[in-house]
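Here's the structure, in structure tokens; my notes come after.
The values are calculated or read from the model by the stated rules, or taken from the named source; none is laboratory data. If you're wondering where the values come from, they're calculated on a predicted model, not measured in any experiment. Neighbour counts are summed over all protein chains in view; Cβ atoms, including those assigned to glycine, are modelled from backbone coordinates with ideal geometry.
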Amino acid sequence: MSDEVLDCLVIGGGPAGLVAGVYLARFRRRLRLVDAGDCRLATIPRSHNVPGYPDGVAGAELLRLLRDQAARYQVPVEDGRVDRLGGEDGDFEAHCGDRVLRARKVLLATGARDVVPEVPGIEAGLAAGNVRYCPVCDGFETQGQRVAVLGRREHGLREALFLAGFDNQVTWLSLGTQHDVPPQELAQLRERSVLVADGQPLHIRCLPGEGVEVEMVDGRQLGFDVLYPALGLKHACELATRLGAQAGHDGQLVVDQRLQTTVPGLYVAGDVAAGLNQISVAWGHAAIAATAIHNALPLVAPRARRP
């Protein structure tokens, strides 16, 4: 066990964690950032709604720039995974392999992962832009295309309606759940000219640069320009909930206006916090949470002046 007690331990090295690290370093706080290396940002081919990038930016490039900025302020970044979090406000203990890190406050920025369909070609389609996960991020770029939404019940229906708002020809691949949706909601599909394929897909083939081919169990062959899996997200909230933090039904953690969870001293930022899953939101969370942590800690001791 290290004898050093950090002001704050940041868990997660994505947009929220890195921005929080920069804020805390600029507040001259003793911190450490532990990164498991599985940031969802790295999988985004290009995003066009990130402030300050009018021509868009690749996720891997944005992550590199954020890491460079953190390095400029000497944010200590450590590769590893926190397996368990214990303790209480003022004295948390994070178990990272055979090491234990102690910190007065913890900021959790562990994010979320998309539920990926178990079909061949998904990763290649994602890299080529034929498979996308966030219509809020890139629905604008799909205008006038043939779009498929693969999702169950109300979640799939809502995403299909959302993408129809970009003048797309949308088909909802409902995975056999169309009849679980109230009639009044199905009526909205007809109003937006959304088609419904209510059988089970037998095979989905992503053709990078060409589109997506879906073969249904009844033999139909459906072709699309873009496929949106809408199977939900898995929020990485376990470290917090095992400590007693309250989470919603979707796994996002309940927080107050300063992004503190129901466990005193444990803060969160980014997708794992209740709210919209967006890069710009993660940055805002990080700024609020890091500033709240700084203000909740004892004043920083002044450095000795040079003669």
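Looking only at residues in the stretch 41-62 that are without any contact (Cβ under 8 Å) to a residue 24 or more places away in the chain and small (Gly, Ala, Ser), the one that is surrounded by the most Cβ atoms within 10 Å (Cβ to Cβ) is Gly59. Criterion applied to Leu276, Leu239, Leu227 was being in a loop (DSSP other than H, G, I, E, B), under 26 Å from the mean Cα position of the chain (by Cα) and touching a residue at least 60 places away in the same chain (Cβ under 8 Å), and the one residue passing it is Leu276. Looking at (1) surrounded by 17 or more Cβ atoms within 10 Å (Cβ to Cβ); (2) at negative phi, which is the one condition that is false for Ala124? Failing condition for Ala124: (1). Of Asp271, Asp218, Asp256, all but one fail to be part of a loop (DSSP other than H, G, I, E, B), modelled with pLDDT under 95 and of a type outside the set (Gly, Ala, Ser); the exception is Asp218.
Among the residues of the stretch 15-71, those identified as of a type in the set (Lys, Arg) and either farther than 24 Å from Ile293 by Cβ or in a loop (DSSP other than H, G, I, E, B) (or both) are Arg28, Arg29, Arg30, Arg46, Arg64. Put simply, of Arg242, Arg205 the only residue that is in the same structural domain as Arg40 (by TED's automatic domain parsing) and either modelled with pLDDT of 95 or more or closer than 25 Å to Arg40 by Cα (or both) is Arg242.
Going residue by residue through the stretch 153-162, is there one that turns out to be in a loop (DSSP other than H, G, I, E, B) and either farther than 30 Å from Pro54 by Cβ or in contact (Cβ under 8 Å) with a residue 24 or more places away in the chain (or both)? No, because not a single residue in the stretch 153-162 is in a loop (DSSP other than H, G, I, E, B) and either farther than 30 Å from Pro54 by Cβ or in contact (Cβ under 8 Å) with a residue 24 or more places away in the chain (or both). The set of residues in the stretch 103-129 being more than 20 Å from Gly13 (Cβ to Cβ) and assigned to a strand (DSSP E or B) consists of Arg104 alone.
Do we have Gly80 as free of Cβ contacts under 8 Å to residues at least 24 places away in the same chain and in the same structural domain as Val268 (by TED's automatic domain parsing) here? Against the criterion (free of Cβ contacts under 8 Å to residues at least 24 places away in the same chain and in the same structural domain as Val268 (by TED's automatic domain parsing)), Gly80 does not qualify.
Quick check on Val263: is it touching an Asp or Glu at 6+ places or on another chain (Cβ under 8 Å), of a type in the set (A, V, I, L, M) and assigned to a loop (DSSP other than H, G, I, E, B)? Taking the combined requirement at face value, the residue satisfies it.
Suppose the filter is more than 22 Å from Asn130 (Cβ to Cβ) and assigned by TED's automatic domain parsing to the domain that holds Leu161; does Asp225 pass it? Spelling it out, it is not the case that Asp225 is more than 22 Å from Asn130 (Cβ to Cβ) and assigned by TED's automatic domain parsing to the domain that holds Leu161. Just the residues that are surrounded by 20 or more Cβ atoms within 10 Å (Cβ to Cβ) and at pLDDT 95 or above, please, taken from the stretch 26-40. Passing the criteria: Leu31, Arg32, Leu33, Val34, Asp35.
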